[in-house]
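The values are calculated or read from the model by the stated rules, or taken from the named source; none is laboratory data. Predicted model, so just to flag it, every value in this text is computed and none were measured. Cβ: placed from backbone, ideal geometry, glycine included. Neighbour counts: every protein chain shown. Only protein heavy atoms, including side chains, enter the accessible area calculation; ligands, DNA and RNA are left aside. Shrake-Rupley method; radii C 1.70, N 1.55, O 1.52, S 1.80 Å.
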Amino acid sequence: MDLRDFIAQCEHDGDLKRVAAEVDWNLEMSHMAKLVEERGGPSLLFENVKDCIGSVMFGAYSNTNRLAKVLGRPDIKTTCGLSKAWMEMSIGEVIRKKEVATGPVFENTIEGDDVDIFKLPAPKFYEKDGGRFIGTACFMVVEDPETKEINLGTYRSQVLDKKTVGAQILKGKRGDRILQKYRKLGKKMPICLVVGCDPLLMLAGSAMVENADEYDVVGTLRGAPVEVVKAPLTGLPIPATAEIVLEGYIDGDNLREEGPFGEYTGYYTDELVNPIKKPAIEVERIYHRNDPILLAASVGRPVNDNHMMLAFVRNATLWTELTRMGMKGVQSVYMPPEACGRFWAIVSVKQMYPGHADQIAAAVIASHTCTYGLKGLIIVDDDIEADDLPRVWWALATRYNPARGTQIINRGRSTPLDPALGTGHNLMTSRIIMDATIPFEWEEKPVQVEMSKKAMASAKARLAELGLD
Ligand SMILES: Cc1cc2nc3c(=O)[nH]c(=O)nc-3n(C[C@H](O)[C@H](O)[C@H](O)COP(=O)(O)O)c2cc1C
Ligand SMILES: [Mn+2]
């Protein structure tokens, strides 16, 4: 599976439209894509971008149907269902990546004075953005210099000049921890930036995976190994069928101003007025396929590409973690894209003993997925699916008793992108747990209003008789 297979599937299903007319990378392309996305339209393939080579795909992740195609499970109709499928597949036997001799990614090599990243069709998304962003649905490949583990990470990246790409690798991420190891060794970090490939690889790059190679996560989900080739200068494994790869080095001591960027929260951060210096890739080579396709994701206020993919991936990895932690009774897990896909979680649990709901809540708070950014968690009983928001509201209205059901976690790790933290927050947020279950130990549980099964049968018959069915 590569990006071209995915595009062919979308096209076959009437879920992709090609734009052959010339469009401008400067706001025009992103705005066209955003308007189509807002009215629930198809994904778009811009084939003719002013002054650039290649094409750009927008909207690969913007609805559940497309996410289902990304996962290779078009039979599944909900994000919650897709997350469950990810969980079930990912706890299976690990299928490791496979190195192959060569691949289409090497159809073209650009090096030396010919390297000009501006020739790639990177869009400028919003007016106040600091420039053109080549990496919005990308991932970077690095190797841990101590453990030799391969790590993939998705960090948005801006074209800073002809040969430099800024990378917003936020503090404390696995990618940052590896970069700091190279810094201590007094070495530059070899890195490959992959833009456009099997869209599931990019999702794995954005998943909070620790102690595992994301190529193997995708191999396990696909049931077949990811084929990689060695990047010639750094030796890093890159997908054999990647569309565009930038190979180079990050000097952890040489930070550059990057941003601002219209974030997935729907806001700009403080960097709009106080620019922040970030790691930057000194690009030595560009490899690309013939007629390369850059994969881009829309950002800004929810709901769009970013929130759909964040919701799906966070939901899937949280569910996987709860399963690995041996949590019993978890029926479904859901992180609503409307809450930017990561700030709120809902878990449905079949309680088996007093305190069960609290135990699940504690496990969610302890999970690696939710260490970062989570602000709210709602626990509901198993008669309500986690993604059935009208019923979740019903539980909050009728089963939740704030004094009994609320716990506040005062100190949680968060993201500098959260506008609610204000300034001087030191990247800490509080979190709320709202237990909207009926306490297990209550001997007298509230009696629910139900329709009579017997009366229902005859009511159905009467309706049919009266032509009202
Ligand atoms: C579209 C998208 C863009 C992202 N951009 C960033 C970013 O700019 N910086 C960042 O640190 N994390 C970003 N993330 C989240 C990271 O990909 C995620 O935390 C991942 O675990 C990072 O990889 P690592 O754990 O190997 O460091 C983004 C996620 C998505 C889905
Ligand atoms: Mn990673």
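Do we have any residue at all in region 396-418 that's touching a residue at least 60 places away in the same chain (Cβ under 8 Å) and aromatic (Phe, Trp, Tyr)? No. A single entry from Val141, Val195 fulfils the requirement of being within 13 Å of ligand 2 (Cβ to nearest atom), open to solvent by less than 10 Å² (accessible area, probe 1.4 Å) and in contact with a Leu (Cβ under 7 Å, 6 or more places away or on another chain): Val141.
Residues in region 202-224 that are away from ligand 1 (no atom under 12 Å from the Cβ) and crowded, with 17+ Cβ neighbours inside 10 Å: Tyr215, Asp216, Val218, Gly219, Thr220, Leu221, Arg222. Just one of the listed residues (Thr78, Thr64) is in the same structural domain as Pro199 (by TED's automatic domain parsing), in contact (Cβ under 8 Å) with a residue 40 or more places away in the chain, of a type in the set (S, T, N, Q) and open to solvent by 50 Å² or more (accessible area, probe 1.4 Å), namely Thr78. Report yes if Asp305 is touching a residue at least 60 places away in the same chain (Cβ under 8 Å), in contact with a strand residue (DSSP E or B) (Cβ under 9 Å, 6 or more places away or on another chain) and not assigned by TED's automatic domain parsing to the domain that holds Thr64, otherwise no. Considered against the rule, which asks whether it is touching a residue at least 60 places away in the same chain (Cβ under 8 Å), in contact with a strand residue (DSSP E or B) (Cβ under 9 Å, 6 or more places away or on another chain) and not assigned by TED's automatic domain parsing to the domain that holds Thr64, Asp305 comes out as yes.
Residue-wise test of (1) hydrophobic (A, V, I, L, M, F, W, C); (2) open to solvent by 20 Å² or more (accessible area, probe 1.4 Å); (3) without any contact (Cβ under 8 Å) to a residue 12 or more places away in the chain.
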position: Asn315; (1), (2), (3): no, no, no
position: Leu318; (1), (2), (3): yes, no, no
position: Glu321; (1), (2), (3): no, yes, no
position: Gln331; (1), (2), (3): no, yes, no
position: Met335; (1), (2), (3): yes, no, no
position: Glu338; (1), (2), (3): no, yes, no
position: Trp344; (1), (2), (3): yes, yes, no
position: Gln351; (1), (2), (3): no, yes, no
position: Ala361; (1), (2), (3): yes, no, no
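Taking the stated definitions as given, is Leu463 part of a helix (DSSP H, G or I), aliphatic (A, V, I, L, M) and either surrounded by 17 or more Cβ atoms within 10 Å (Cβ to Cβ) or on the phi < 0 side of the Ramachandran plot (or both)? Answer is yes for this residue. Residue pairs, Cβ under 8 Å, 6 or more apart or interchain, first in region 193-216 and at pLDDT 95 or above and of a type in the set (Phe, Trp, Tyr), second open to solvent by 10 Å² or more (accessible area, probe 1.4 Å) and away from ligand 1 (no atom under 12 Å from the Cβ). List them. Filtered contacts from region 193-216: Tyr215/Arg96; Tyr215/Lys97; Tyr215/Val226; Tyr215/Pro237. Met308 passes every criterion in (1) within 14 Å of ligand 1 (Cβ to nearest atom); (2) of a type in the set (A, V, I, L, M, F, W, C); (3) under 18 Å from Thr415 (Cβ atoms); (4) open to solvent by 10 Å² or more (accessible area, probe 1.4 Å) apart from (3).
Can you tell me which residue is nearest to ligand 1 (Cβ to nearest atom) among those in region 150-178 that are part of a strand (DSSP E or B) and closer than 23 Å to Lys230 by Cα?
Gly153
Ile134 meets the stated requirement of being under 19 Å from Ser298 (Cα atoms) and either assigned by TED's automatic domain parsing to the domain that holds Val226 or more than 10 Å from ligand 1 (Cβ to nearest atom) (or both). Among (1) open to solvent by 40 Å² or more (accessible area, probe 1.4 Å); (2) at pLDDT 95 or above; (3) over 23 Å from Val141 (Cα atoms); (4) in the same structural domain as Gly166 (by TED's automatic domain parsing), there is one condition Tyr249 misses while meeting the rest; what is its number? Answer for Tyr249: the failing condition is (3). Tell me which of these Gly131 doesn't satisfy, since it passes every other one: (1) open to solvent by 20 Å² or more (accessible area, probe 1.4 Å); (2) farther than 20 Å from His288 by Cα; (3) away from ligand 2 (no atom under 15 Å from the Cβ). Gly131 satisfies all of (1) open to solvent by 20 Å² or more (accessible area, probe 1.4 Å); (2) farther than 20 Å from His288 by Cα; (3) away from ligand 2 (no atom under 15 Å from the Cβ) except (1). Applying a threshold of 7 Å to beta carbon distances and a minimum spacing of six or more residues, or different chains, the list of pairs starting in region 419-441 at a residue that is in a loop (DSSP other than H, G, I, E, B) and ending at one that is aromatic (Phe, Trp, Tyr) reads Ala436/Tyr400; Phe440/Tyr353. Against the conditions (1) in contact (Cβ under 8 Å) with a residue 24 or more places away in the chain; (2) part of a loop (DSSP other than H, G, I, E, B); (3) open to solvent by less than 50 Å² (accessible area, probe 1.4 Å); (4) away from ligand 2 (no atom under 15 Å from the Cβ), Thr102 satisfies every one except (3).
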